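Asks: Below is the structure I would like to discuss, written out as structure tokens.
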Amino acid sequence: QVQLVESGGGLVQPGGSLRLSCVASGTIFSIYNMAWYRQAPGKQRDLVALITQPGTTRYADSMRGRFTISRDNSKNAVYLQMNSLKPEDTAVYYCNQQISPNSGQGPNYYWGQGTQVTVSS
């Protein structure tokens with residue numbers, strides 16, 4: 001059983017910053033890709049940023065230069081540093097991790113519960 005717990009969301013003024021965290025726990029052998037997605041009301045869930053096991057990163061165009069994804073493999077954690085936040089960044093942010101529970105089993109994708117980020121003055 002694997003669980004992802006997110007933290008760090010909240011209310012911030014335009015131009016402000018937030019740092020999201022997501023920690024995986026449970027039966028974990030290896031973690032491959034880690035990612036953050038977001039979903040605004042009435043919209044689909046979209047990729048924000050992704051980081052591979054070796055550390056290669058990929059960002060959605062609108063976040064590049066403002067958001068930074070990082071990971072700490074020793075803590076099974078992924079982070080999202082969000083700077084220069086805009087009202088249009090308001091959404092529920094979800095963590096996603098590709099986790100293999102043991103050496104003989106392929107990876108599955110796991111989701112966190114979501115954390116609300118609201119950018120408003």
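Just so you know, all these numbers are worked out from the coordinates, no wet-lab data involved. Here the structure is a predicted model, which is why all the values come from computation and not from measurement. Virtual Cβ from ideal backbone geometry, glycine too; neighbours counted across all protein chains shown.
Asks: Students often check this: by mean Cβ neighbours within 10 Å, which of 106-115, 84-93 ranks highest, and how do the rest follow?
Replies: Packing proxy ranking, top to bottom: 84-93, 106-115.
Asks: For the stretch 25-61, state which chymotrypsin sites (Phe, Trp or Tyr not before Pro) are in a DSSP loop and have at most 15 other beta carbons lying within 10 Å of their beta carbon. Display every interim value, and only then the final one.
Replies: Working: sites: 29, 32, 36, 37, 59; in loops: 29.
When the chymotrypsin sites (Phe, Trp or Tyr not before Pro) of the stretch 25-61 are filtered for loop state and at most 15 Cβ neighbours within 10 Å, 29 remain.
Asks: What distance in nm lies between label points placed 7 Å from Cα along the C-beta direction at residue 44 and residue 28?
Replies: The two pseudo-label positions are separated by 2.9 nm.
Asks: What residue among 25, 103, 17 shows peak mean-square fluctuation when the chain is described by a Gaussian network model with Cα springs under 10 Å?
Replies: 103
Asks: Distances longer than 21 Å among the Cα atoms of the chain: what percent of all pairs is that?
Replies: 34 percent
Asks: May I pose another question? When a/c is below 1.5 the answer is rounded, else prolate if a/b is larger than b/c, else oblate, so apply that to the stretch 1-70 with a ≥ b ≥ c taken from the square roots of the Cα gyration tensor eigenvalues.
Replies: Here the stretch 1-70 falls in the prolate category.
Asks: Report the label-to-label distance for residue 113 and residue 66 in nanometres (one decimal), using points 7 Å from each Cα along the Cα→Cβ vector.
Replies: Here the modelled spin labels are 2.8 nm apart.
Asks: Let me know the charge dipole size of the stretch 33-121 about its Cα centre in debye, to the nearest 20, where only the beta-carbon of Lys, Arg (+1) and Asp, Glu (-1) is charged.
Replies: 40 debye
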